[in-house]
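Input: a single structure, listed below in structure tokens.
The values are calculated or read from the model by the stated rules, or taken from the named source; none is laboratory data. Since the structure is predicted, the reported quantities are computational estimates derived from the model, not experimental observations. Positions of Cβ are generated from backbone atoms using ideal geometry, with glycine treated the same way; all protein chains shown enter the neighbour counts. For the accessible areas, the whole protein counts, side chains as well, though only heavy atoms, and no ligand, DNA or RNA atoms are used. Shrake-Rupley method; radii C 1.70, N 1.55, O 1.52, S 1.80 Å.
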Amino acid sequence: MATFSKATFNAAKYASSRPTYPRQLYDFVFQFHGRAKGARWDTAVDVGCGTGQATVELTPFQRIIGVDPSARMVEQARESVKTRLAGLDLSSQIEFVQSSAEDLSCLKDGSVDLVIAAQACHWFKWDKFWPEVARVLRKDGTFAAWGYSEFRLSRFPSATAIINDYAQGSDPANSLGTYWERPGRTILDEHLVAVPDPREVLPDKFSEFERVFFTGSHYPDLPNARPVILRKRMSWEELLGYFRTWSPLHTFHEKHPEDLKREDGDIAVRFWRKLKEEVARAEGKEVPKDEDPIDIEWPLALILARRA
């Protein structure tokens, strides 16, 4: 998470390169919320909102608040909301606040109907965060958090080993595995199973808790896995742009600045080319061109809780 506050971090480029959460995910969360007899649709809060990608999807609620500890992310969120809403003025409905997840003092007790965290909860200190969620949620209010693990090439399972070697390998000179911030990345890769059940942390404060895995066949050990819903078609050039948003790549280049000067490309380019070559081998065709499309998917885990 420290990467996001560095001077070299480009929040706008980060926002444009990340996957977009599907409508199906938000509908799933809203349906869970609406099943409670006392469900209200007044105020929703996006904790760890980043550039506001999920914040702007909470429009069924009358008031929406995005919260993030990074001043740069909050600034980018305010700007990107203007662009994303295509001229619609929702400034009276959406606001952004700089604050940590563990300190939601900007919110009154029992004032919130929905709290979400999109690709952020793996950084939270749950012994402090769950009490804050319990404090701000109204009775029958909902908490929903999701996170996606390592990407996959949808039609080329043979590329998974190459992806794992690059993203999770133990060789600090040829992979990024040792440069992730832990334990956050581990929690994501293990599909949020480390997030504690709030009913055990705070007895009598929460009435329901669910874990939902949209992971397809990628992780057969996960219970009741549903089909993957987080997908994106992009060009190979755009895929390389996505790789450049990875936080461990920034850390790798701080440790190995000489890698950027290699004639055969830096570590991200070399990985990208390996993937291209594997796709060519699997298809029995020529290596894809930079502008050719490639289908990407991300296994995603969702946790849901309801305030008692």
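At a glance:
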| read-out | value |
| --- | --- |
| Pairs, first within 17 Å of LEU239 (Cα to Cα) in the range 250-270, second open to solvent by 40 Å² or more (accessible area, probe 1.4 Å) and among the β-branched types (Val, Ile, Thr), C-beta under 9 Å, six or more apart | HIS250/THR8 |
| Within the range 132-164, tally of residues that are in a helix (DSSP H, G or I) and surrounded by 16 or more Cβ atoms within 10 Å (Cβ to Cβ) | 8 |
| Residue that is most open to solvent (accessible area, probe 1.4 Å) [pool: residues in the range 166-205 that are in contact with a Ser or Thr (Cβ under 6 Å, 6 or more places away or on another chain), within 16 Å of PHE243 (Cβ to Cβ) and not in a loop (DSSP other than H, G, I, E, B)] | TYR179 |
| Search result, residues across the range 52-66 that are open to solvent by less than 10 Å² (accessible area, probe 1.4 Å) and part of a loop (DSSP other than H, G, I, E, B) | GLY52, ALA54, LEU58, PHE61 |
| Filtered residues of the range 123-146 (kept if without any contact (Cβ under 8 Å) to a residue 60 or more places away in the chain and among the β-branched types (Val, Ile, Thr)) | none |
| Among the residues listed as ARG273, ARG281, the single one being part of a helix (DSSP H, G or I), farther than 22 Å from PHE143 by Cα and touching a Gly at 6+ places or on another chain (Cβ under 8 Å) | ARG273 |
| Filter result for ASP259 (in contact with a Leu (Cβ under 6 Å, 6 or more places away or on another chain), of a type outside the set (A, V, I, L, M, F, W, C) and open to solvent by less than 80 Å² (accessible area, probe 1.4 Å)) | no |
| Yes/no for ARG244 being more than 19 Å from ILE162 (Cβ to Cβ), touching a residue at least 40 places away in the same chain (Cβ under 8 Å) and charged (D, E, K, R) | no |
| Residue in the range 34-51 that is farthest from LEU137 (Cα to Cα), counting only those that are touching a residue at least 60 places away in the same chain (Cβ under 8 Å) and surrounded by fewer than 23 Cβ atoms within 10 Å (Cβ to Cβ) | LYS37 |
| Complete set of residues in the range 98-130 that are more than 25 Å from ARG185 (Cβ to Cβ) and either exposed (fewer than 15 other Cβ atoms within 10 Å of the Cβ) or touching an Asp or Glu at 6+ places or on another chain (Cβ under 7 Å) (or both) | SER105, CYS106, LYS108, ASP109, GLY110, ASP113 |
| Among (1) crowded, with 16+ Cβ neighbours inside 10 Å; (2) touching a His at 6+ places or on another chain (Cβ under 9 Å) - the single one GLU238 does not satisfy | (2) |
